[in-house]
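To start, the structure under review is shown below, and the notes come after it.
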Amino acid sequence: MTNDDREDEVSKVGPPSPDRGVYGISVASELSGISEQSLRLYERQGLLTPARSVGGTRRYSADDLVRLQRISELVAAGVNLAGIDRILSLEDRNAELDERNVTLEGDNDALRAEDSRPKAAKQPAKSRPGNGGTA
């Protein structure tokens, strides 16, 4: 193994990305405080979709755990699963729109900054005599 190979391995060490499924159902159940059966039910209802290993084992991500926390809050507030599905869909859509709005605001600011820069004064093209008045 070369030094470059070792450096590549070292750079891969650290916490997994939030969207990478790494927790089995028993760990996700323990971390979220939700029973394994409820986790399966939430998946069947489409409230979350954990990743699957090659063998088909559910793998929950940190993002899934955050979503489970939100589901727990809504269940505790007395919202049924159909209502939770609708609320989560609307919250997801709202987050997408917020991201898009931030992007558009940045684009708008860049265009305004570009528009406010002093521009070289352009002289209108003068027509030459004898060519029918066209430039």
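Of note:
- Difference of contour (0.36 nm per residue) and Cα-Cα distance, GLN45 to VAL102: 17.3 nm
- Sequence ranges 100-106, 111-117, ranked by mean other-Cβ count within 10 angstrom, highest first: 100-106, 111-117
- FRET efficiency, 1/(1 + (r/R0)^6) with R0 22 Å, evaluated for LEU81 and THR57 via beta carbons: 0.40
- Cα-Cα pairs of segment 15-115 separated by more than 15 Å (percent): 67
- Dipole check for segment 15-115: with +1 at the C-beta of Lys and Arg, -1 at the C-beta of Asp and Glu, and the Cα centre as origin, the magnitude is about 780 Debye.
Bear in mind these aren't lab numbers, they're just calculated from the coordinates by the rules spelled out. Please read all numbers here as calculations on a predicted model, not as lab measurements. Quick reminder, even Gly has a Cβ in these numbers, built from the backbone with ideal geometry, and neighbours come from all protein chains shown.
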